[in-house]
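See structure below.
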Amino acid sequence: MDIRRKSEILVNRRRYLTNTGIGLGVAALANALAPKAAGFSPEESVHTDQSSGMHLPAKAKRVIFLFMAGAPSQVDLFDYKPDLSRLFKTELPPSVSMGQRVTAMTRGKTQLVMPSKFSFSRQGNSGIWMSELLPHLTAHADDLCLIHSMNTNAINHDPGKTSFCTGSEIPGKPSMGAWLSYGLGTMNRDLPDFVVLPSAFWSGKVNVQALYSRLWGSGFLPSKHQGTSFQAVGDPVLFLSNPAGVDPSVRRRMLDSLSELNHKHYAELGDPEIETTIAQQEMAFRMQTSVPDLVDISDESSETLEMYGPDIDKPGSYARNCLLARRMAERDVRFIQLFHRGWDHHSNLPDNLAGQCRDVDQPTAALLKDLKQRNLLQDTLVVFSGEFGRTVYGQGNLTTDNYGRDHHPRCFTAWLAGGGIKGGIQFGKTDDFCYNVVEDSVPVRDLHATMLHLLGIDYTRLTFPFQGLEQKLTGVEPTRIVREIIA
């Protein structure tokens, strides 16, 4: 056969197989992306209105997740252990530690008990014990559910944060906000479903780990579900402003022309990511109006601004981000995640922890009060946690006023409020050394399942086919909904 003719046949065969493969792949992917793949039957298709289409009656419509990156010390903030004061610098009994895994910073060293230097008192009608470091938050004790029995497998920051935000220590899985965007759909057309607000500064200047976009990524879900990170300086969202010489009408014509080309490209290839691109470009155009309005707080009353504390005037502060979170809740953003770093206190914990608490205490309390007085707390689930806890034994120069604590995944405290949660309760119990869970263990996956339940989702049915598995936020290990904390 003529070489040229043979080449044409091979090329045409490859083109046919490629196009056919794309067609079959797109058909399969379209089926995978259908509501049924998320655990919804066609008649249960996702709606922008939560009044229908959910697996369960929803108690919450949205989530505000306050993530304290670096791991706050539950021993000094929430899990009161008064008997430790008489055990200062005594060795942690082997019957308590039981040879459990420790970090490289502790391995081979004597574990000396370090009581908290901070005082605790009962707060609210419920009498919840809380630290003196949180004077503003204590006013909301009766709204809080403190889970003392949180635990995780991760003992280092990177896998700990990844696990808490995505349900897996292995990078590449969708974040919780992405799962909610995929499973529930949007409640507004002018802002993203999932927004991330990292603090631009914090008081604790030591041992600060970087944040990485996979914590709010979409993983194997369509990319339109990934989080949008807001910036503290310049445009809140990168490249939001038009270039010099380009006005909104010009931008509109450019997008119309680009959309026409993208639709033609989609008709040829059927790649769903092209549709995502079209949708995101339209969203970006609308955000050129909606985002400046969102971040302009000049319409807030002086009383409201004062309530959030002295840092409210600093863009990128935790205080400003808390106020923006409330404004996003009003605009029906589905999942709002704040990251505040600086909680990794291996040394000089008393000073560093006090500074971190000053950063977050008043703004967090203001956020709860603001949501409550606007009737938003009842359907907004607020979650406060780090990636794990800290040890009862000390690190560094151990004195009554100066000590540090190592990473501790065996037990830590998270709290929830609003969105169908019982307020004024403490759930789960740790031993006298705040080292092991002794009652009502709550692994991170159980917290995820409970959050999904409150949002009207059966965690076993929110799935996506990937790598031969029906992937879930909660993974494959036995999981339960913590019904005892649901109102």
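Tabulated data for the structure shown
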quantity: Selection status of Pro174, within 13 Å of the chain's Cα centre (by Cα), surrounded by 15 or more Cβ atoms within 10 Å (Cβ to Cβ) and in a loop (DSSP other than H, G, I, E, B); calculated: yes
quantity: The range 388-410: number of residues that are modelled with pLDDT of 95 or more, touching a His at 6+ places or on another chain (Cβ under 7 Å) and either among the acidic types (Asp, Glu) or more than 21 Å from Val63 (Cα to Cα) (or both); calculated: 7
quantity: Filter result for Ser218 (among the hydroxyl-bearing types (Ser, Thr, Tyr) and outside any helix (DSSP H, G or I)); calculated: yes
quantity: Any hit, the range 254-266, residues being modelled with pLDDT of 85 or more, surrounded by 15 or more Cβ atoms within 10 Å (Cβ to Cβ) and under 27 Å from Gly70 (Cβ atoms); calculated: no
quantity: Scan of the range 404-431 for residues that are touching a helix residue (DSSP H, G or I) at 6+ places or on another chain (Cβ under 6 Å) and part of a loop (DSSP other than H, G, I, E, B), ordered by number; calculated: Gly418, Gly419, Gly420, Lys422, Gly423, Gly424
quantity: Qualifying residue in the range 202-220 (condition: touching a residue at least 24 places away in the same chain (Cβ under 8 Å), surrounded by fewer than 17 Cβ atoms within 10 Å (Cβ to Cβ) and more than 29 Å from the chain's Cα centre (by Cα)); calculated: no
quantity: Some residue of the range 312-322 being touching a Gly at 6+ places or on another chain (Cβ under 7 Å) and outside any loop (DSSP other than H, G, I, E, B); calculated: yes
quantity: Scan of the range 251-298 for residues that are in a helix (DSSP H, G or I) and closer than 22 Å to Val233 by Cβ, ordered by number; calculated: Ala284, Met287, Gln288, Thr289, Ser290, Val291, Pro292, Asp293, Leu294, Val295, Ile297, Ser298
quantity: Strands (runs of 3 or more DSSP E) within the range 46-144 that include 2 or more residues touching a residue at least 24 places away in the same chain (Cβ under 8 Å); calculated: 62-68, 128-131
quantity: Within the range 250-289, tally of residues that are under 27 Å from Val333 (Cα atoms) and either more than 35 Å from the chain's Cα centre (by Cα) or free of Cβ contacts under 8 Å to residues at least 40 places away in the same chain (or both); calculated: 12
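The values are calculated or read from the model by the stated rules, or taken from the named source; none is laboratory data. These numbers come from a predicted model, not from an experiment. A quick note on method: Cβ atoms are made from the backbone with ideal geometry, for glycine too, and the neighbour counts reach across all protein chains shown.
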